[in-house]
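As structure tokens, the structure follows; a few thoughts come after it.
Readers should treat all values here as calculations from the given coordinates under stated rules, not as data from a laboratory. None of these values were measured; they are calculated from a predicted model. Note that each Cβ is placed from the backbone with ideal geometry, even for glycine, and that neighbours are counted across all protein chains shown.
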Amino acid sequence: MDEERARLLRGFSPRRLPKEEYFSPGHRACQGCGPAIAIRHLLKALGPRTVVANATGCAEIISSPYPQTAWRVPWIHSAFENAAATAAGIEAAYKALMRKGRIKKEKINVVSLAGDGGTADIGMQALSGALERGHDCIFVCYDNEAYMNTGIQRSGLTPYGAATTTSPAGRVFKGQRTWKKDMPAIAAAHHIPYVATACISHLKDFYRKVLKAAEIEGPAYLHILAPCPTGWRCPPEMAVEIGRMAVECGIFPLYEVEHGVKRLTVKVRERKPVRDYIRAQGRFRHLTDEDIEFIQKRVDEEYERLLGEAEEA
Amino acid sequence: MSRDRVSLEICEACAEAVRLADVDVVAAYPITPQTHIAEVLSEMAADGKMEAEYVNVESEHSAMSVCIGASAAGARTFTATSAQGLALMSEMLYIASGLRLPIVMALVTRTLSAPLSIWGDHSDAMSVRDCGWITLFAENGQEVFDFTLQGFRIAEDERVWFPFMVCLDGFHLSHVIEPVELIEEEEAREFLPTYKPKYRLHPDQPVSMGCFAMPDYFSEIKKRQDEELKASYDVIIEVWREWESRFGRSYSPIVAHRTEDAEVVVLIAGGYAGTARLAVDEMREKGLKVGLASLKLWRPFPLEDIRKTLGHARLVVVVDRALSVGGAGGPIAGEVRSAFFHEEKSPVVASFVAGISGRDVLRSDFEAMVRKAFEYLDKGDLPYYEMFGVRE
Ligand SMILES: Cc1ncc(C[n+]2csc(CCOP(=O)(O)OP(=O)(O)O)c2C)c(N)n1
Ligand code: SF4
Ligand SMILES: [Mg+2]
């Protein structure tokens, strides 16, 4: 970690974040787009010696209408399900070329960047392969909890009860009927050196984890909750706040798994009711008090389980 | 120039060419009949005979994706596959071409399921006909070796920048041991210097690759891709001339045999051209004025060579090892026909589909197809195409 970035973490303050923008303004994201905020900070943390392999999805579509680009670091998009494999190829190329003396030996951050669909559904196989093979990449899932780019369809990471265009709230079914796939646990089951969850609402935690992921040798998986006002049906100025509510009610806990050791990194002393989080978003509008009770119970159980597994910070 | 010839399984000859090319990244997933290429390259990497990163991917889709990432980062890359593997990676084949990445691939041709069959034909190659890769069919082990090495040189040429696929028939070529004339490492390095990409993914010079295009740009990008793939023809010829002057073996898009005065020309791609050549000589002895056109270059399609080689014949018998199910017959026959559509003088094109899923095509079968085509012609009832040698 260079000195500037190390300094970032001492007395963290948003005002002292690097001024450079590597994800440039002028991209086409909706107002208040959580993924755009996540990418901006991801790149501020990683700095310019970074290359990004991006899956098809909102991040790609908002940033790369030919002949323009919002990327000030080297960037490639090729398809939806293969960001991890593409990143693996870049990493393998750097390894070979550095070994043969064709390019300078240095640390270059190779990032695979995909949405929840590009990570946990269609991209799962390529990701699993890349994690298992141990490529020294940072695999980032920006989780906006649905296929937003194609018009808000459900994914395996859409939360229970949320209405999307393919899990609509109807007379028989009340939106998404499955629980969120535990993607960080799946990544951790590959016994890679570093797995962490992060949220755009908790920036210090976010920066610390990105920097750790970059520093650790071998694969790192970052699962970033990135609220999408358009798909979650909330006002754009609420995106960060809703992220905070997700963390504070315990539905999206912030933790890390470093070399197999799990640790809560943001401990919530008194968890807020899940109801506040749910009632702030139009995608849950149809849920009754009973439905929310049902979700609360599950969140309590999951949180308790996590507390049981995690070491004290 | 005389060199030693060594006996090699053709898959091994292909792998040897890849080693001599000093590739940087190999990513492959095993499938019959490609497997030996992946195995031999793994061995070379394990023994330190090849300095490449060998990426043991979990699928062919990832094999091509790794090649795309690696090639974009400036590495010389190689993969090999067959049939189902090609179908699985086909999404990425179009993208590799659209991104103009000089990846080289060996396609060990095999039939596409179902029914599942590991045996050879060209249904896989034809399924990706329009993916924008330079595509060659090899006839023997020597060609597999030569084309593979040439592939890197052609693909990486600044006037080209297209991925390159060499097709070799599953089993009939891949698993056959043949004498192959190799070249020295020093010679390989002279012919194929280190790859120096103009653009690569690297922080020193950030570029964006793979932006999406709206309708106001897309057509122009496609037109350019089409024109430049066609223009790669000249570079291919140039590289073949150089190859001949260095190593003494000459190549052309179509290799003709006894076609000058031929009344009928048999056209086929791949290993069966060898059998067909013998069949042609036999028929000549019987007084039939027959010739052979062995099609090497499939993309870019050698339109002028087709017209020149076949234009004077009365009849062309195209033998396709693939069927366009529910379509107009063999894919090569279709393109040969359209090559002559606007020509004043045009041969009649008979289309036979034969040798699918590894069914042998014998010398006598070639003669039978030629005689059959003439009979149809005399009776005036030539079918649009016929599947040859199939039980009713
Ligand atoms: C093979 C394939 N299937 C489907 C699509 C259509 N598609 C493009 S992006 C996308 C959803 C992306 O969802 P996610 O990964 O969550 O990213 P987001 O758009 O939400 O940022 C889909 C279904 C595609 N491009 N490729
Ligand atoms: S739909 Fe959501 S994720 Fe996509 S650009 Fe808009 S706010 Fe961002
Ligand atoms: Mg999404």
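Quick notes
- Across peptide B:56-64, the average count of Cβ atoms from other chains found within 10 Å of a residue's Cβ is 6.
- In order along region B:353-367, phi translates into HN-Hα couplings of 9, 9, x, 8, 6, x, 5, 5, 10, 8, 4, 5, 5, 5, 5 Hz, rounded to whole numbers, per the Karplus curve 6.51 cos²θ - 1.76 cosθ + 1.60 with θ = phi - 60° and x for Gly and Pro.
- Electrostatic bookkeeping for A:THR150 treats Lys and Arg as +1 and Asp and Glu as -1; over the other residues with beta carbon under 15 Å from its beta carbon, the sum is -4.
- The Cα center of region A:281-308 and the Cα center of region A:73-91 differ in position by 36 Å.
- Between the Cα long axis of helix A:124-133 and the first principal axis of chain A there is an angle of about 40°, rounded to the nearest 10.
- Entries of A:LYS95/A:LYS181; A:LYS19/A:LYS209; A:LYS19/A:LYS105; A:LYS44/A:LYS204 with Cα pairs more than 22 Å apart: A:LYS95/A:LYS181; A:LYS19/A:LYS105
- Residues considered: A:GLU145, A:GLU293, A:GLU106. Largest GNM mean-square fluctuation over chain A, using C-alpha springs under 10 Å, is found at A:GLU106.
- A cut-off of 5 Å between modelled amide H atoms, ignoring neighbours fewer than 5 places along the same chain, links B:VAL265 with B:GLY291, B:LEU315, B:VAL316, B:VAL317.
- Counted by Cβ distance under 9 Å from B:ALA322, the other residues give a net charge of -2, where Lys and Arg count +1 and Asp and Glu count -1.
- Residue with peak Gaussian network fluctuation, chain B [Cα springs, cutoff 10 Å], from B:VAL26, B:VAL265, B:VAL235: B:VAL235
- Peptide A:46-52 shows a mean partner chain C-beta count of 3 within 10 Å per residue C-beta.
- Degrees between helix A:83-99 axis and first principal axis of chain A (Cα, 0 to 90, nearest 10): 20
- Euclidean distance of C-alpha centroids, region B:314-335 and region B:234-254, integer Å: 28
- Plainly put, the protein assembly as shown has a radius of gyration that is 1.05 times its Kirkwood radius, both from alpha-carbon atoms, as the Rg/Rh ratio.
- For chain B, adding -39500 (n - 2.57) for each run of n ≥ 4 DSSP H residues and dividing by the number of residues yields -13000 deg cm²/dmol at 222 nm.
- For the peptides B:66-76, B:89-99, A:5-15, residues were scored by their other Cβ atoms within 10 Å and the scores averaged per peptide; the highest-first order is B:66-76, B:89-99, A:5-15.
- Across every direction, the projection of the convex hull enclosing the Cα atoms of region B:254-387 has a mean area of 7.7 nm².
- Put simply, region A:90-144 fits an ellipsoid with semi-axes of 26, 12, 7 Å; these come from the alpha carbon gyration tensor as the roots of five times its eigenvalues, largest first.
- Among B:ARG100, B:ARG129, B:ARG299, the largest mean-square fluctuation in a Gaussian network model of chain B, built with springs joining Cα atoms closer than 10 Å, belongs to B:ARG129.
- When the convex hull of its Cα atoms is projected in every direction, mean area for chain B (nm²): 20.8
- Gyration tensor (alpha-carbon) shape descriptor, chain A, a/c threshold 1.5: prolate
- For region B:141-175 versus region A:177-240, the gap between their alpha-carbon centres in whole angstrom: 44
- Rounded tilt (10° steps) of B:83-98 against the dominant C-alpha axis of chain B: 70
- Amide H contacts of B:ARG5 (H built 1.01 Å from N, under 5 Å, at least 5 apart or other chain): none
- Three-way shape label, region B:118-203, alpha-carbon gyration tensor, a/c 1.5: oblate
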